1. Does at least one position in region 30-41 carry a residue that is surrounded by 22 or more Cβ atoms within 10 Å (Cβ to Cβ), touching a residue at least 40 places away in the same chain (Cβ under 8 Å) and within 20 Å of Pro4 (Cα to Cα)?
2. Pairs under 7 Å by beta carbon, first residue among the charged types (D, E, K, R) in region 78-103, partner surrounded by 12 or more Cβ atoms within 10 Å (Cβ to Cβ), six or more apart or different chains?
3. Pick from Gly73, Gly66: which is touching a Pro at 6+ places or on another chain (Cβ under 9 Å) and in a loop (DSSP other than H, G, I, E, B)?
4. So which of Phe69, Phe33 is modelled with pLDDT of 95 or more and under 22 Å from Ala12 (Cα atoms)?
5. Restricting attention to region 18-29, which residues are buried (at least 17 other Cβ atoms within 10 Å of the Cβ) and over 30 Å from Ala99 (Cβ atoms)?
6. When you scan region 81-94, do you find a residue that is within 17 Å of Leu5 (Cβ to Cβ), touching a helix residue (DSSP H, G or I) at 6+ places or on another chain (Cβ under 9 Å) and among the small types (Gly, Ala, Ser), even just one?
7. Condition (residue is touching a His at 6+ places or on another chain (Cβ under 6 Å) and small (Gly, Ala, Ser)) applied to region 23-35: is it met by at least one residue?
8. Any residue that is surrounded by 11 or more Cβ atoms within 10 Å (Cβ to Cβ), outside any loop (DSSP other than H, G, I, E, B) and modelled with pLDDT under 95 - is there at least one of those in region 88-100?
Amino acid sequence: MTSPLGNVWRKAAADLGLRVTAPFVLSTPNGEFLFDVLVHDFGSERGMLLMERWSDEKAQAAKLLGYGFSCLGAGTYDRNGFIDVLQDWGWFGSSPIPAWLEA
């Protein structure tokens, strides 16, 4: 079941052409961790994992496996605000950088 955070990132994906997986299960040797969203191509080579509630255990698992991670509230979709966040995280994709990110 998709969380409110996952839903808002799905809206962003539809508008901005992002690749997101919501929800996302991170499998580790120590177990599985459920994240609200994986935003592919941003934050690190493996992507940016998002959680609505902070968890030190999830953050550590994400870090050990090379993912970026952040804790965000769902809020509402605001195109310019999401672009600002994505610019802060940085582009790591192998395809050409999106035109809206270069501006």
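The values are calculated or read from the model by the stated rules, or taken from the named source; none is laboratory data. On a predicted model such as this, the values are computed, not experimentally measured, just so you know. Note: ideal-geometry Cβ built from the backbone for every residue, glycine included; neighbour counts use all protein chains shown.
1. yes
2. Filtered contacts from region 78-103: Arg79/Asp15.
3. Gly73
4. Matching residue, one of Phe69, Phe33: Phe69.
5. Leu26
6. There is no residue in region 81-94 that is within 17 Å of Leu5 (Cβ to Cβ), touching a helix residue (DSSP H, G or I) at 6+ places or on another chain (Cβ under 9 Å) and among the small types (Gly, Ala, Ser).
7. No, every residue in region 23-35 fails to be touching a His at 6+ places or on another chain (Cβ under 6 Å) and small (Gly, Ala, Ser).
8. The answer is yes; a qualifying residue exists.
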